[in-house]
Amino acid sequence: MARRSNKNRLQDELRERRRKLARILLLFVLLLSGAAVAAAVYIKLTDADTLPLRVVRIEGAFQHLDKEALKTVLAGQLNRNFLRIDIDAIHADVKAVPWVDQVTIRRKWPDTMILKVQEQKPLARWSKGGLVNQRGELFAGHLNEPFDLPELDGPKGTASILSGEYLYLNEALKVLGLRATTLTMSSRRAWSIKLDNGLSLQLGRKQVHARLQRFKKIYEQIVKKQLQKIESVDMRYTNGFAVRWKPGTDSHNNNNKGDREDV
């Protein structure tokens, strides 16, 4: 009886092992089948013929940006699979188009890509080529029409400094009805301004804002009255200023100087 009981127990254990193995094999087959189905679905969905990109919509208000240049960059994306669009690559390509400042890209199911493009806003021309935007950043851009932009001139890497100073100085000059047309910072960091009335103004390296305030005080009292004769005003003196007269103009009593502070 004991031998028979042991034999039955061994047979039961063997059958249980077989059932477990069958379940494992069934699960493996199901997983393999699911993976195959998923792969087939992925291949089908990412095929260009299944979900082609048919519409590229460009949104934004453009004054200088060439919309046709954007369309040319984006033309290669049409008929690509909607799910396989390389957003990062498109973003880089669009940002490289002249006059593009910012761009955001999104997909719209099932066949549309929408680009919102922001155009650069120029603040000034850069003397060595290109333009400066409102944030003081240089960008490659060409103006097809004459725009009355000031010119900034300075050492390499100083566009941001010049743009900030231009905004301050120009605002300060408004009270006189004047506007800076050229702002220059020399290699020694000395500042000079060309005004829209033709007058040049030397402010030097030190106390630039204080010197501008002194110029504002003397402009109405002295300079404006003889504006047609004056070529430039030099404010680089402790308590006074110097005037350079235009060629052929009498230069009597042309200076009211203190000590020169810098060059």
Residue-wise HN-Hα coupling along the stretch 159-170, computed from phi with Karplus coefficients 6.51, -1.76, 1.60 (Hz; x: Gly, Pro):
4, 5, 5, 5, 5, x, 5, 4, 4, 5, 5, 5
What is the fewest-to-most order of Met113, Met185 by other Cβ atoms lying within 10 Å of their Cβ?
Met185, Met113
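Fewest Cβ neighbours within 10 Å first, please rank Tyr168, Tyr237 accordingly.
Details: Tyr168 13, Tyr237 19.
If I rank by nearby Cβ atoms, fewest first, I get Tyr168, Tyr237.
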Of the listed pairs Lys194/Lys225; Lys95/Lys194; Lys95/Lys128; Lys128/Lys217; Lys95/Lys156, which have alpha-carbon separations greater than 30 Å here?
Lys95/Lys194; Lys128/Lys217
I'd like the Karplus ³J(HN,Hα) series for the stretch 68-75: coefficients 6.51, -1.76, 1.60, θ = phi - 60°, whole numbers in Hz, and an x wherever there's a Gly or Pro.
5, 5, 5, 4, 5, 4, 8, 4
Expressed as a whole-number percentage, the relative contact order of the stretch 111-197 with C-alpha contacts under 8 angstrom and at least six residues apart is 21
Taking amide H positions as placed 1.01 Å from N in the peptide plane, with prolines and chain starts having none, which residues 5 or more places from Asn197, or on another chain, fall under 5 Å of its amide H?
Arg179
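All of the numbers you see were taken from the coordinates with simple rules; none came from a lab. All values reported here derive from a predicted model rather than from experimental measurement. Quick reminder, even Gly has a Cβ in these numbers, built from the backbone with ideal geometry, and neighbours come from all protein chains shown.
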